[in-house]
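Pasting in a structure now, in structure tokens, and then I'll have a few things to ask.
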Amino acid sequence: MIKLKCIIIDDEPLAQEVLERYLGNIRELELVRKCSNALEAFEVLHTEHIDLMFLDISMPVISGIDFLRSLRKAPSVIITTAYPDYAIQGYELDVVDYLVKPISLERFMKSVNKAIDRTKINPAPNFENKPSRVDYMFVKSDQKLIKIKFSDIDYIEGMKDYVKIFIGEKMIVTLHTMKYFEGSLPSNEFIRIHKSYIVNVEAIKTVSGNELEVRKSRLPIGSSFKENLMKYISG
């Protein structure tokens with residue numbers, strides 16, 4: 001029997017306990033982690049395979065809704081909250097179900113059955129096709145999640161074990177990989193020009209030989225990337 005790997009994201013210990021107890025009654029579910037905020041959950045989602053999230057809305061750092069919107073790809077989601085007012089937003093984000101606290105075991109079971117049925121039909125929900133366009137992402141840096149608008153990014157430089165994000169005069173360091181950013185940034189706005197650089201096309205000032213100028217920086221153009229770059233900027 002295949003089990004769905006689950007994560008609980010809720011800043012209330014009592015709510016976590018209730019959900020954990022309910023999960024323990026369903027053999028198709030396996031609890032991987034309990035998280036008190038989006039920062040913890042963000043790390044889990046990038047280190048563990050998760051099939052189903054039980055997500056609270058009102059949390060520290062960022063809300064559950066904003067956290068969900070920030071994810072390019074996400075597991076199935078069941079929202080668990082004390083606030084019924086966000087139901088429409090939740091369903092716009094294609095959540096499996098929306099549970100209002102206090103949650104009964106019977107209502108919980110109905111939601112889980114929906115999640116199990118959905119997983120059989122579509123094992124990997126893709127949040128890239130969300131109705132509302134997301135123009136930002138969150139990155140982990142200095143033990144916090146930082147919200148970054150795509151349009152603010154000048155370029156990204158990949159180092160051996162980390163990545164530098166250049167935003168005007170500011171630089172943010174994160175442990176994400178270049179491959180992650182290449183897949184997460186909108187392809188119509190960003191282009192990889194070198195094994196170590198991804199640039200915002202709007203920030204390019206000049207292209208000369210094997211270099212291009214972004215704001216006040218000159219960046220190398222890799223030989224294997226140059227043809228694609230020239231096709232891109234020439235339309």
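The values are calculated or read from the model by the stated rules, or taken from the named source; none is laboratory data. Note that the coordinates shown come from a computational prediction; the quantities given were computed from them, not determined experimentally. Reconstructed Cβ throughout: ideal geometry from the backbone, glycine too, with neighbour counts over all protein chains shown. For the accessible areas, the whole protein counts, side chains as well, though only heavy atoms, and no ligand, DNA or RNA atoms are used. Shrake-Rupley method; radii C 1.70, N 1.55, O 1.52, S 1.80 Å.
If we count every other residue with Cβ under 13 angstrom of ASP152's Cβ, Lys/Arg +1 and Asp/Glu -1, where does the sum land? Walk me through the numbers on the way to the answer.
Values: positive: LYS147, LYS149, LYS170, ARG215; negative: ASP135, ASP154, GLU169, GLU189, GLU202.
Value of the local net charge: -1.
In debye, nearest 20, what is the charge dipole magnitude of the chain about its Cα centre with +1 on Lys and Arg Cβ and -1 on Asp and Glu Cβ, if you could check? Present the calculation step by step, with values, prior to reporting the outcome.
Details: 33 positive and 33 negative charges, 124 e Å.
About 600 debye.
Defining a contact as two alpha carbons under 8 Å apart and six or more residues distant in sequence, what relative contact order in percent does the chain show?
Taking the mean separation of contacting Cα pairs over the length of the chain, I get 11 percent.
Right, here's the next one. Using the heavy atoms of the protein chains alone and a 1.4 angstrom probe, what is the accessible area of the range 1-142 per residue in square angstrom?
Numbers: 7190 Å² over 142 residues.
Counting only protein heavy atoms, the per-residue value for the range 1-142 is 51 Å².
Give LYS160/LYS205; LYS3/LYS147; LYS147/LYS179 a once-over and call out the pairs whose C-alpha atoms are over 25 Å from each other. Intermediate values should be presented prior to the final figure.
Working: LYS160/LYS205 27 Å; LYS3/LYS147 33 Å; LYS147/LYS179 19 Å.
Too far apart for the 25 Å limit: LYS160/LYS205; LYS3/LYS147.
Of the trypsin sites (Lys or Arg not before Pro) in the range 138-175, which ones lie in a loop per DSSP and count no more than 15 other C-beta atoms within 10 Å?
Working: sites: LYS140, LYS144, LYS147, LYS149, LYS160, LYS164, LYS170; in loops: LYS160.
The qualifying sites are LYS160.
May I ask for the angle, rounded to the nearest 10°, between helix 13-23 and the longest principal axis of the chain, with both axes built from Cα atoms and the value confined to 0 to 90°?
70
Further, regarding this structure: So how tilted is helix 223-233 from the main axis of the chain? Cα-based, degrees 0 to 90, rounded to 10.
So the helix axis and the longest Cα principal axis differ by about 80 degrees.
Under a 1.4 angstrom probe, counting protein chains only, how are THR174, THR119, THR47, THR206 ranked by accessible area, largest first? Before the final figure, lay out each step's value.
Details: THR174 5, THR119 25, THR47 105, THR206 55 Å².
Greatest to least solvent exposure: THR47, THR206, THR119, THR174.
Tell me, what does the Kirkwood hydrodynamic radius of the range 146-198 come to in angstroms if you use every pair of distinct C-alpha atoms?
Working: mean 1/r = 0.0898 Å⁻¹.
Evaluated on the range 146-198, it is 11.1 Å.
Rounded to the nearest 500, what is the 222 nm mean residue ellipticity of the chain from helices alone, with -39500 (n - 2.57) per DSSP H run of 4+ residues and division by all residues?
Values: 7 runs with 67 residues, N = 235.
That comes out to -8000 deg cm²/dmol.
Right, here's the next one. So for the chain: antiparallel DSSP bridges make up what percent, rounded to the nearest 5? Write out the running numbers ahead of the final one.
Numbers: 30 of 48 bridges.
Given both bridge residues lie in the chain, the antiparallel proportion sits at roughly 60 percent.
How much area per residue is accessible in the range 144-232 when the probe is 1.4 Å and only protein heavy atoms are counted (Å²)?
So the range 144-232 comes to 57 Å² accessible per residue, rounded to a whole number.
Going from most exposed to least, what order do ASP66, ASP94 have by accessible area with a 1.4 Å probe?
Details: ASP66 55, ASP94 85 Å².
The residues order as ASP94, ASP66, largest area first.
Taking +1 at the Cβ of each Lys and Arg and -1 at the Cβ of each Asp and Glu, which of ALA87, SER223, ASN188 sits farthest along the dipole of the chain towards its positive end, judged by Cα position relative to the Cα centre?
SER223
Still on this structure, please answer the following. What does the charge add up to near THR119, with Lys and Arg as +1, Asp and Glu as -1, over the other residues with Cβ less than 10 Å from its Cβ? Show your work: numbers first, answer last.
Details: positive: LYS114, ARG118, LYS120; negative: GLU28, ASP51, ASP117.
Value of the local net charge: 0.
Could you put LYS101, LYS3, LYS120, LYS216 in order of accessible surface area, largest first, with the 1.4 Å probe and the full protein assembly present?
Values: LYS101 45, LYS3 95, LYS120 160, LYS216 180 Å².
Of LYS101, LYS3, LYS120, LYS216, the descending order of accessible area is LYS216, LYS120, LYS3, LYS101.
Carbon-plus-sulfur fraction of the accessible area of the chain, 1.4 Å probe, in percent? Mind dumping the intermediate values first?
Working: 6220 of 12680 Å².
Carbon plus sulfur share of accessible area: 49 percent.
Only loop residues by DSSP count here, and only those with at most 11 other Cβ atoms within 10 Å; note down the GluC sites (Glu not before Pro) in the range 25-102 that meet that. Before the final figure, lay out each step's value.
On the way: sites: GLU28, GLU30, GLU40, GLU43, GLU48, GLU92; in loops: GLU28, GLU48.
Answer by residue number: GLU48.
Run down the lysines and flag those whose C-alpha is under 18 Å from the C-alpha of LYS149, throwing out any fewer than 8 positions away in its chain.
Correct list for LYS149: LYS73, LYS130, LYS140, LYS164, LYS170.
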